[in-house]
1. Once amide H atoms are placed 1.01 Å from N in the peptide plane, what residues at a sequence separation of 5 or more from residue 145, or on another chain, have their amide H within under 5 Å of its amide H?
2. Karplus couplings for region 111-116 from phi (6.51 cos²θ - 1.76 cosθ + 1.60, θ = phi - 60°), rounded to Hz, Gly and Pro as x?
3. Mind listing the Cα extents of region 71-205 along all three principal axes, in Å, largest one first?
4. How large is ³J(HN,Hα) for each residue in region 53-64, as worked out from phi by the Karplus curve 6.51 cos²θ - 1.76 cosθ + 1.60 (θ = phi - 60°), to whole Hz, x for Gly and Pro?
5. Please report the net charge: other residues with Cβ closer than 13 Å to the Cβ of residue 172, K and R +1, D and E -1.
6. Got a sec to turn the phi values of region 68-80 into Karplus ³J(HN,Hα) couplings, 6.51 cos²θ - 1.76 cosθ + 1.60 with θ = phi - 60°, whole Hz, x for Gly and Pro?
Amino acid sequence: MLTTPRRLAALLSLATLALPPAAHAGEHGHHHHHHMAAPSSAAVSRSEAKLATPKVALKTQDGKAVALPEVIDDGRPVLLNFIYTTCTAICPPMTRIFAEVQDKLGAERARVRIVSVSIDPEEDTPRRLRDYARQFGAAEPWVFLTGSSAASETVQKAFNAYRPDKMGHTPVTFLRRAPGQPWVRLDGLAQAPQILAELRPMLAP
């Protein structure tokens, strides 16, 4: 039986539907940052560990030279993560979540030191970090840190969060009540309510 143009079109349409998703996406599908499928809040795992603060020299988003201990060891509870400004996958939501935490802290905002450390210091100059911070409404005492590649790597390794390729980094949040206390580690895309549930007891007298 001859195949009419209409029947041929229908057969081609069915054949296209039968193809796997990768065939529709083409080669571009293989180049998506794999963090587009970042873990949901339900997948967050919690652990605690004592970590030594490395004495590395860094710069704030305002260009001020600082040592990491003077930033995070001033006695306040600390909320910390690792980001880079050109990230389009997990970093924007992580930063928005930190901004939400800071907003919900309200009058207690000044009592919490929030720190975001760049894992791409060659690109993330203080000026770029300052612009990035403004995009998310970050305010004091939230500080963004950059420095040499070696310094950034040292900090990441101290927190057991180092990945050789920045594209391979995973969402992780760190909290600590005070210097010398263990760090709480939340692996996964921890949401603001989860972070606040950890943070508020740290603010208790």
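Throughout, read-outs are computed from the coordinates displayed, never taken from laboratory work. Please read all numbers here as calculations on a predicted model, not as lab measurements. FYI the Cβ positions are ideal-geometry reconstructions off the backbone, even for glycines, and counts take in every protein chain you see.
1. Here the answer is 116, 117, 118, since their amide H atoms fall under 5 Å of that of residue 145.
2. Ordered by residue, 3J(HN,Hα) equals 8, 10, 7, 9, 10, 10 Hz.
3. 40, 30, 26
4. Result, rounded to whole Hz: 7, x, 8, 9, 8, 9, 10, 7, 5, 9, x, 7.
5. Residues close to residue 172 contribute a combined charge of +2.
6. 3, x, 5, 7, 9, 10, 8, x, 7, x, 10, 10, 9
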